[in-house]
């Protein structure tokens with residue numbers, strides 16, 4: 001495991017809560033994986049993980065065989081992951097709108113999108129403060145609606161951990177749900 005600060009290894013409670021909804025046996029994309037905190041969580045839960053970021057030096061030190069790090073620029077005009085299909089996608093603290101609608105397209109039927117990033121209003125707490133990196137009210141809900149995803153949970157809230165921030169969170173399922181999953185909302 002890479003030598004990271006303890007705070008960097010702590011997975012998001014949102015991701016922890018919903019990771020088990022991702023179907024077993026398939027590939028999970030950790031998009032803009034950073035140091036790999038969610039890649040490690042997902043690998044420990046038994047998933048095969050594609051950990052993608054511009055710099056994957058920290059995650060390349062991982063000894064977990066089910067994590068495949070891949071360095072790539074996610075903000076090119078052409079989407080570099082166009083041929084990838086996965087059972088789950090995890091995105092935290094990252095937003096690049098030109099490719100946002102590509103994510104639901106990558107999900108297999110029954111696949112799960114877990115997304116959590118900063119929202120409008122975050123500027124009062126520091127960075128990011130640029131509107132290009134802050135979700136608009138209901139933006140993740142609109143993404144789910146455009147692609148026919150079933151929203152399992154959604155929040156657009158203030159959090160004080162790990163630092164004060166405004167965040168928007170979504171867990172959504174691509175059609176093919178088997179069974180009833182409780183819906184959770186908080187705004």
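The values are calculated or read from the model by the stated rules, or taken from the named source; none is laboratory data. Just so it is clear, the structure is predicted and the values come from calculations on it, not from any experiment. Reconstructed Cβ throughout: ideal geometry from the backbone, glycine too, with neighbour counts over all protein chains shown.
Brief remarks follow.
- Screening 52, 56 for residues that are touching a strand residue (DSSP E or B) at 6+ places or on another chain (Cβ under 9 Å), within 23 Å of residue 174 (Cα to Cα) and at pLDDT 90 or above leaves exactly one candidate, 52.
This table checks each residue for (1) part of a strand (DSSP E or B); (2) in contact (Cβ under 8 Å) with a residue 24 or more places away in the chain.
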residue	(1), (2)
14	no, yes
20	no, yes
30	yes, yes
35	no, yes
38	no, yes
41	no, yes
55	no, no
58	no, yes
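- Conditions (1) closer than 30 Å to residue 25 by Cβ; (2) outside any helix (DSSP H, G or I): number failed by residue 143: (2)
- Just one of the listed residues (104, 137, 128) is modelled with pLDDT of 95 or more and over 16 Å from the mean Cα position of the chain (by Cα), and it is 137.
- Of all residues in segment 32-77, those being under 18 Å from residue 111 (Cα atoms) and surrounded by fewer than 16 Cβ atoms within 10 Å (Cβ to Cβ) number 2.
- Only a single item in (1) within 28 Å of residue 132 (Cα to Cα); (2) at pLDDT 95 or above; (3) in contact with a helix residue (DSSP H, G or I) (Cβ under 7 Å, 6 or more places away or on another chain) is not met by residue 42, and it is number (1).
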